[in-house]
Amino acid sequence: MKTYLVTGGAGFIGSNFVLYMLKKYNDVKIINVDVLTYAGNLENLKSVENNPNYKFVQANICDKDAITKIFEENEVDYVVNFAAESHVDRSIKNPEIFAETNVLGTVNMLNCAKNSWETETGWKEGVKFLHVSTDEVYGSLGETGFFMETTPLDPHSPYSSSKAGSDLMVKAYGDTYKMPINITRCSNNYGPYQFPEKLIPLVINNCLNKKPIPVYGDGMNIRDWLYVEDHCKAIDMVIRDGRLGEVYNVGGHNERNNMHIVKTIIEYVHDNVDSTVDESLITYVEDRKGHDRRYGIDPTKIKEELGWYPETPYEEGIKLTIKWFLDNKEWIENVTSGAYQNYYEKMYEGK
Ligand code: NAD
Ligand code: TYD
């Protein structure tokens, strides 16, 4: 029985990962540590809350005492570090909390893991710290080429810079103390439970409410979309079989410009839900500051070493996603309602 300390497990990818692991394995124990910001929602995990192999602890990854206590009370085999402030637009408005959670929080997690796992002769058998990062640390591509694991880091936004900072601290613990680590860098995820501030759920939500769809700049920025379940599978594989100290890029081989994404969703809603929804909702707005033009991942390493590939074609993934949001309108209402927003404002007052 392996015990996974999953941070940020009430967020989008984290909750998909917890559900994926508990569905796939009977012999894993998951401790979900999440402070529950606006982006964390325990409703995502309702189906597993009584599962004896699952436990939730509300705590901040920056809180040394709380995280130390979790390590003291449990035999943790793996840390999977999802917890982060994750939205670029918020980072442009409010960079400090990104440095605090993403960099200092990760360092605290590393330190607490080190204190628990380091022995006189090395490291406890079989442990690993997996840090979930992003392709945004590589910066922006021109019209050609892909991000490789060897591509130099060149982040631009406060979000991607804070993720690059946390990546480098994870690397430092691997290089300096020989801590068993892996870093994964994935492209843009989409799927169930994504907070409707990110492009895909925001467009779906606005279509359903017939609200204007804000398209930044010329709408031709490109992202490499990855269905979240395929990402969860990659993380599971890297924890089990990834070579220690290595970085693995995880990408969907699925580059689309933003306008394409917007039009696909409008068309689906028009054809299947409400024929009055059409492209007149598209509203060009001022471009995001420092907006990265193109992301595209070369996932050859994870494919060749671990046999991973993105199984869900975009056409299928986007339909599954739209259907999920149609079936879970109450979820959207809950996560965008006052209670969550107020909690967030209160917690980060003055930052
Ligand atoms: P999310 O914003 O949906 O969820 C983040 C979770 O972390 C929330 O549950 C939140 O409550 C929790 N959290 C935030 N601050 C915390 C703190 N100080 N202590 C404890 N918990 C805290 O994010 P996501 O989209 O699920 O992303 C998860 C990870 O994957 C992040 O590290 C992100 O950088 C990375 N990533 C995401 C994407 C994507 O497309 N969503 C792409 C690449 C990488
Ligand atoms: P986003 O989902 O915020 O992910 P990221 O910036 O981390 O890649 O944005 C995806 C793309 O969509 C990005 O190019 C910005 C653009 N975008 C819009 O055009 N309008 C929007 O309302 C949002 C949220 C994003």
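The values are calculated or read from the model by the stated rules, or taken from the named source; none is laboratory data. Keep in mind it's a predicted model, so treat the numbers as computed, not measured. Using ideal geometry, Cβ is built from the backbone for each residue, glycine included, and neighbour counts are taken over all protein chains shown. All accessible areas refer to the heavy atoms of the entire protein, side chains included, with ligands and DNA or RNA removed. Shrake-Rupley method; radii C 1.70, N 1.55, O 1.52, S 1.80 Å.
Quick one: count up the residues across the stretch 113-139 that are surrounded by 18 or more Cβ atoms within 10 Å (Cβ to Cβ) and of a type outside the set (A, V, I, L, M, F, W, C).
In the first step, residues of the stretch 113-139 are kept if they are surrounded by 18 or more Cβ atoms within 10 Å (Cβ to Cβ); the result is 113, 116-117, 127-139.
Subsequent filtering for residues that are of a type outside the set (A, V, I, L, M, F, W, C) retains 116, 128, 131, 133-136, 138-139.
Within the stretch 113-139, residues that are surrounded by 18 or more Cβ atoms within 10 Å (Cβ to Cβ) and of a type outside the set (A, V, I, L, M, F, W, C) number 9.
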| Filtered residue count, the stretch 91-112, keeping only those that are within 16 Å of ligand 2 (Cβ to nearest atom) and surrounded by fewer than 19 Cβ atoms within 10 Å (Cβ to Cβ) | 4
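Please find, among Tyr38, Tyr4, the residue that is under 23 Å from Val228 (Cβ atoms), within 16 Å of ligand 2 (Cβ to nearest atom), among the hydroxyl-bearing types (Ser, Thr, Tyr) and open to solvent by less than 20 Å² (accessible area, probe 1.4 Å).
Numbers: Tyr4 fails: within 16 Å of ligand 2 (Cβ to nearest atom).
On inspection, the qualifying residue turns out to be Tyr38.
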| Quick one: in the stretch 37-58, which of the residues that are within 20 Å of the chain's Cα centre (by Cα) and among the polar types (S, T, N, Q) is farthest from Tyr193 (Cα to Cα)? | Gln58
| query | Got at least one residue in the stretch 220-229 being open to solvent by less than 40 Å² (accessible area, probe 1.4 Å), within 13 Å of ligand 2 (Cβ to nearest atom), touching a Gly at 6+ places or on another chain (Cβ under 7 Å) and among the acidic types (Asp, Glu)? | reply | yes
| Flag if Glu304 is modelled with pLDDT of 95 or more, part of a helix (DSSP H, G or I) and closer than 30 Å to Gly126 by Cα | yes
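State which residue is nearest to ligand 2 (Cβ to nearest atom) when the search covers only the stretch 41-60 and only residues that are in contact with a helix residue (DSSP H, G or I) (Cβ under 8 Å, 6 or more places away or on another chain) and open to solvent by 50 Å² or more (accessible area, probe 1.4 Å). Let's see the steps before the verdict.
In the first step, residues of the stretch 41-60 are kept if they are in contact with a helix residue (DSSP H, G or I) (Cβ under 8 Å, 6 or more places away or on another chain); the result is 41, 43-45, 47-49, 51, 53-54, 56-57, 59-60.
With open to solvent by 50 Å² or more (accessible area, probe 1.4 Å) added as a condition, the list becomes 43, 47, 49, 56.
Working: Glu43: 21, Ser47: 26, Glu49: 29, Phe56: 27 Å.
The residue in question is Glu43.
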